[in-house]
Amino acid sequence: MQPLIQVESLRKHYRDGKGLDSGHVVPALDEVSFAIAPGSTLALVGESGSGKSTLALCLACLERPTSGRIWFGGRNIAALCEKQLRAVRPQIQLVFQDPASSLNPRFTALEIVTEPLVLQRIWKRRQTREWGVALLERVGLSMEMAGRRVGEFSGGQRQRLAIARALSLEPKLLILDEALSALDCSVQAKIANLLLELQSSFALTYLFITHDLAMAAHFADEIAVMDRGRIVEQGIPEKLLGSPQHEATRCLVAATPGSIVTLNIPGVC
Ligand SMILES: Nc1ncnc2c1ncn2[C@@H]1O[C@H](COP(=O)(O)OP(=O)(O)OP(=O)(O)O)[C@@H](O)[C@H]1O
Ligand SMILES: [Mg+2]
């Protein structure tokens, strides 16, 4: 099967000084290659600073990679100009850890969800509103909440709102960058289940970035481990966690409290 997205030898180098010629180069991504099959979930784990968010930003076309290719819809989107990227960006959406900082506090829930459609001028007002209300209901926010503003929602409800907004343009790929990390356990489980339901009803493909190995094992078809800008190991959860090959994977497994065991993954204890 053709992958939905295929990344080849991706590099992203930042300069950590102020001027263009000053400072040394930080290789945030270094020869990263992987593919995600349509409708599947790849979890990306790795210690802080290993390059996960940089990869998310490059895939969502919000950062330009230094070199390498990102194949999506038959095109190398890493080589497209700004005008061409405008057609690609709606298809790859990003949900962050802290929705409060990315959602406009002055907007109602309905305005937040429908804004991307309004900006793209896709539908008439009534149709846009109906789609917005349907999306809010689909993520578990009732019609009565449509007029509330961000400040009136709990953390879990805000994350539901951010997910509804990300789905408004019917993307193919949803990147969840620590999207569940700030939530407490029971809310995390509810939103994880919601994401699984949405995946099948919207035929979504996920890149699920997390620090939580147990959640990655529960949620993903495959796990990729990042270490200092590189993917050092990738495989199905049972195998990767049952017999980790790379030191970085072993460290992550060792640092995870017994919770992976409760997920009933053979070989992990
Ligand atoms: N805009 C930037 N300018 C300079 N360096 C950056 C920039 N963004 C990221 N970096 C550096 O790139 C490396 C990777 O950062 P990134 O945010 O991708 O890590 P991460 O794996 O998402 O970490 P975390 O788990 O803490 O979110 C780090 O060394 C970081 O300091
Ligand atoms: Mg990050």
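Please treat every number below as a calculation from the coordinates, not as lab data. What you see is a predicted model, and the numbers here were worked out from it, not measured in a lab. Ideal geometry is used to build each Cβ from the backbone, glycine not excepted, and the neighbour counts take in all protein chains shown.
A simple charge model with +1 on the Cβ of Lys and Arg, -1 on the Cβ of Asp and Glu and nothing else charged puts the dipole of the chain at about 1120 debye relative to its Cα centre. Neighbour counting of Cβ atoms within 10 Å sorts the residues Met143, Met215, Met226, Met1, fewest neighbours leading, into Met1, Met143, Met215, Met226.
Using the 10 angstrom Cβ neighbour count as an exposure proxy, how do Thr210, Thr108 rank, fewest first?
Numbers: Thr210 22, Thr108 17.
So the ranking, lowest neighbour count to highest, is Thr108, Thr210.
Could you state the number of Å between the C-alpha centres of the range 60-101 and the range 162-202? Each part reduced to its Cα centre gives a spacing of 19 Å. Taking other C-beta atoms within 10 Å as the exposure proxy, Leu44, Leu94 rank Leu94, Leu44 from fewest upward. For the chain, the relative contact order is 24 percent, taking Cα pairs closer than 8 Å that sit 6 or more residues apart in sequence and dividing their mean separation by the residue count.
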